Amino acid sequence: MSFIELFLIAISLSMDAFAVAVGKGLSMQRIKLKDAVIIGVWFGCFQGLMPVIGYLLGVQFQEKITAIDHWIAFVLLLLIGANMIRGALSKEEDKNNASLGFKSMFILAVATSIDALAIGVTFAFLQVHIVPAVMTIGITTFILSLVGVKVGNLFGIRYKAKAEFAGGAILILLGTKILLEHLGVIAF
């Protein structure tokens, strides 16, 4: 997997955290750098941790399902991407909460990183080098979360759905590329 593909996955995975960070920024009267860093650390760490867990699970089954791993990667990326697009198109409004307490941030960090767990399984099947992958994902999420808090505080919720939609579309396209490459339809 190329760095560009990995970076696109990192950005896509970061979109949920970015969207929640926008909501956090929206709910804060004044943002302090410390608060933005707390949000970024929570989301960045969990987005980096979950692929490791998924990778370790995926490695256990890798030899047994090598013949269909490209289909599994495709289906996982398709489902995650479609779920992100569904969330972006949903008319339900998220409840914004300015709390940065352990319970609140833990729940949000886990909720925004579940898709990264599935990506970790995909990384195991694709034999991706996990350390650079999780570093890229974690750092990208951290940075985009910081930006999200500021964007939310400045502009409100205007860009949240667009960011989630774009992230979902990128994951679907990458899943399709993986499948088509393995089937020999395209070569990159």
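The values are calculated or read from the model by the stated rules, or taken from the named source; none is laboratory data. All of these numbers come straight from a predicted model, not from anything done at the bench. Here Cβ is always computed from backbone atoms with ideal geometry, including for glycine, and neighbour counts include all displayed protein chains. Just so you know, the surface numbers come from the protein's heavy atoms only, side chains and all, with ligands and any DNA or RNA stripped out. Shrake-Rupley method; radii C 1.70, N 1.55, O 1.52, S 1.80 Å.
Key figures for this structure:
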quantity: Percent carbon-and-sulfur accessible area, the stretch 44-176, ignoring ligands, DNA and RNA, probe 1.4 Å; calculated: 71 percent
quantity: Stokes-Einstein D in µm²/s, Kirkwood radius over Cα pairs - the stretch 78-138 at 37 °C with 0.692 mPa s viscosity; calculated: 237 µm²/s
quantity: Estimated dipole of the stretch 1-96 in Debye, rounded to 20 [Cβ of Lys and Arg +1, of Asp and Glu -1, Cα centre]; calculated: 400 debye
quantity: Equivalent ellipsoid dimensions for the stretch 112-175 as semi-axes, Å, which come from the Cα gyration tensor, largest first; calculated: 26, 15, 8
quantity: Relative contact order for the stretch 1-114, counting Cα pairs under 8 Å that sit 6 or more residues apart, in percent; calculated: 56 percent
quantity: Cα pair distances of the chain binned at 5 Å [whole percent]; calculated: 1, 9, 17, 21, 19, 14, 9, 6, 3, 1, 0
quantity: 10 Å-binned pair-distance histogram of the stretch 1-60 (Cα, whole percent); calculated: 19, 42, 27, 10, 1
quantity: Listed residues 62, 29, 127, most fluctuating in the chain (Gaussian network, C-alpha, under 10 Å); calculated: 29
quantity: Dipole of the stretch 115-188, positive direction: furthest Cα of 120, 185, 146, with charges on the beta-carbon; calculated: 146
quantity: For the stretch 46-128: accessible area per residue (Å², 1.4 Å); calculated: 57 Å²
quantity: Among 33, 83, 68 - extreme Cα towards positive end, dipole of the stretch 1-110, charges at beta-carbon; calculated: 33
quantity: In degrees, nearest ten, helix 69-89 long axis to first principal axis of the chain (Cα); calculated: 20 degrees
quantity: Coarse-grained scattering of the stretch 23-119 at q = 0.13, 0.18, 0.21 Å⁻¹, given as base-10 log I(q)/I(0) from a Debye sum over alpha-carbon atoms; calculated: -0.60, -0.95, -1.12
